[in-house]
Amino acid sequence: MDWGHRPLVFRADDGTTTPLIADQVYAHAGASFVFWHRLRLSTSLPLAMHQTGQTVVVDGVTYPEPQRTAVGDLRLSADYRLLGNYREAFTLAAGARAWLPTGDRAGYAGDDTLRVGAQLLGSGEIGPFAYAARLGLNYRGLEDTFGTSSLGSEVVFAVSAGVRALSGALLVGPELRGSTVVTGGLAFSSAATPVELLFGGHYTYEHWRFGAGVGPGLSRGFGAPEVRTLLSAEYVFGAPAELHKAPQAADCAPPRDSDSDGVADVVDACPAEGGPSSSEPLKNGCPLLPDSDGDGVGDVADACPNEAGAMSVEPANNGCPATTDVDADGITDAQDACPNQAGAPSASQSENGCPRAKLVGANLEVSSTVEFEPGSAELTARGKELLSDVARVIAGLASTAHVAVHGHTNNKGRPSKNLKLSEDRAQAVVRWLATEGKIPGERLSAKGFGDTVPVANNDTDEGRQKNRRVEFNIEGANASGSAEEGSK
């Protein structure tokens with residue numbers, strides 16, 4: 001599947017643009033057959049699944065907007081490997097291509113005439129690095145222009161590079177591809193040379209290979225979009241994807257074995273490093289990796305090399321023992337001080353994963369403080385986090401329970417100012433619980449007491465800290481609780 005944005009655009013002399021095709025989604029159905037490990041015959045059919053655009057008039061010629069759906073030209077190709085073997089440093093193949101006139105020209109999906117072409121293909125791998133290149137010449141009987149863009153016989157080219165990872169299963173890298181019209185002296189002119197850059201990758205899993213890519217058009221040539229995205233899925237019958245059995249003696253000379261490990265290069269996943277044969281294609285012929293805990297995951301990829309575990313696609317969990325998180329709070333039970341109650345992370349191991357507010361018997365208890373900005377009734381982020389836990393506790397109380405929020409201060413400052421500040425802070429807590437905590441307002445009330453009800457000696461910093469507090473008194477449920485207020 002591929003999606004192209006603005007692949008066919010008319011550009012006027014004044015610089016304005018009109019998209020004949022604004023968006024285009026194509027599906028490509030194809031198959032290939034390989035004979036004697038050298039000859040590949042392929043076919044594919046492009047199908048325009050969705051197209052949008054506008055009618056454009058260019059030099060008196062009207063180009064109607066594209067049909068929503070259309071069938072493209074059926075493509076046939078044959079490629080023969082001339083030199084090298086799969087995944088060696090260099091291989092070379094030659095081939096021919098043909099486009100049968102099955103496409104709908106009204107849908108801008110075909111030429112209504114036969115096209116043919118020839119190509120050379122080169123590729124290779126050096127360690128984890130892979131590359132490929134293609135150069136071809138396509139004869140096109142249709143010679144036409146669209147605005148400043150031209151059509152005709154063309155040279156096509158592509159080059160790509162990549163790096164293998166995950167024992168060779170993943171290949172990622174960039175690809176540059178394009179073409180240039182060689183008739184009419186237009187070769188390599190901007191309007192006759194569409195060029196695109198893609199970045200993507202392929203992942204091989206047993207008989208399947210999946211691919212994805214995205215990138216921009218780099219020129220204004222016919223068919224180069226502003227951006228294109230690709231998705232692909234392939235299935236290989238008879239042998240795991242990208243691997244072929246060793247040629248038989250009747251087919252050719254004895255198979256090459258570069259590392260002399262008894263595994264032919266054609267099926268050796270590590271042809272330059274000796275290793276035993278394996279039923280797993282991506283490990284076949286590769287050296288055994290140290291595996292200290294014997295769990296089948298080599299130490300180099302094992303996130304827990306000294307603890308037996310299981311293979312995982314997540315690098316941080318690969319080779320690690322299975323973990324559980326009963327309360328689903330994101331903290332594994334082994335690290336959770338309250339494994340059966342969802343809570344929050346804490347630097348204190350005794351509080352890690354525990355709720356910051358909870359009902360103990362008939363009391364609402366909290367593990368931290370309700371904090372406000374200095375000298376104001378504005379809650380801090382930490383204060384709001386604590387209140388979110390308080391709201392969950394209140395929501396679980398009987399519907400008849402009423403929560404009275406009481407604000408208190410120490411004796412520093414004028415009594416009248418302290419009284420006003422304690423009232424404002426109690427109101428701020430009630431307001432947050434009602435709006436953000438979704439607690440019905442009729443179940444809440446607020447009152448400030450200033451410095452009139454101390455719980456500790458105001459002559460020490462520790463005592464003054466304890467006196468600056470917010471209390472939660474549960475009424476109608478024979479319970480009460482308190483929470484110290486963070487001092488600033």
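Annotations
- Residue in the range 430-450 that is farthest from the chain's Cα centre (by Cα), counting only those that are part of a strand (DSSP E or B) and of a type in the set (A, V, I, L, M, F, W, C): A446
- Count of residues meeting criterion [crowded, with 17+ Cβ neighbours inside 10 Å, under 14 Å from S167 (Cβ atoms) and aliphatic (A, V, I, L, M)] in the range 266-311: 3
- Count of the range 53-79 residues which are of a type in the set (S, T, Y), under 30 Å from G124 (Cβ atoms) and surrounded by fewer than 16 Cβ atoms within 10 Å (Cβ to Cβ): 0
- Count of residues meeting criterion [surrounded by fewer than 17 Cβ atoms within 10 Å (Cβ to Cβ), closer than 20 Å to G184 by Cα and either at pLDDT below 85 or aromatic (F, W, Y) (or both)] in the range 114-156: 5
- Some residue of the range 461-481 being surrounded by 15 or more Cβ atoms within 10 Å (Cβ to Cβ), of a type in the set (S, T, N, Q), at pLDDT 90 or above and in contact with a His (Cβ under 8 Å, 6 or more places away or on another chain): no
- Some residue of the range 347-354 being in a loop (DSSP other than H, G, I, E, B), at pLDDT below 80 and touching a Pro at 6+ places or on another chain (Cβ under 8 Å): no
Table: residues versus (1) without any contact (Cβ under 8 Å) to a residue 60 or more places away in the chain; (2) under 24 Å from A169 (Cα atoms); (3) not charged (D, E, K, R); (4) not assigned by TED's automatic domain parsing to the domain that holds R228.
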position	(1), (2), (3), (4)
I21	no, no, yes, no
T43	yes, no, yes, no
V58	no, no, yes, no
V61	yes, no, yes, no
E65	yes, no, no, no
R75	yes, no, no, no
T91	yes, yes, yes, no
E125	yes, yes, no, no
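- Here A224 clears all of (1) crowded, with 19+ Cβ neighbours inside 10 Å; (2) not in a loop (DSSP other than H, G, I, E, B) except the condition numbered (2).
- From the options S388, S312, S376, residue that is assigned to a loop (DSSP other than H, G, I, E, B) and touching a Lys or Arg at 6+ places or on another chain (Cβ under 9 Å): S376
- Residues of the range 1-24 that are part of a loop (DSSP other than H, G, I, E, B) and farther than 16 Å from T69 by Cα: A12, D13, D14, G15, T16.
- Under the condition of being of a type in the set (F, W, Y) and modelled with pLDDT of 90 or more, the residues counted in the range 79-98 number 2.
- Of everything in the range 410-429 that is buried (at least 22 other Cβ atoms within 10 Å of the Cβ) and within 21 Å of L364 (Cβ to Cβ), the residue that is farthest from the chain's Cα centre (by Cα) is S422.
The values are calculated or read from the model by the stated rules, or taken from the named source; none is laboratory data. Remember, it's a predicted structure, so these values are computed and weren't measured experimentally. Here the Cβ is made from the backbone with ideal geometry for all residues, glycine too, and neighbour counts use every protein chain on show.
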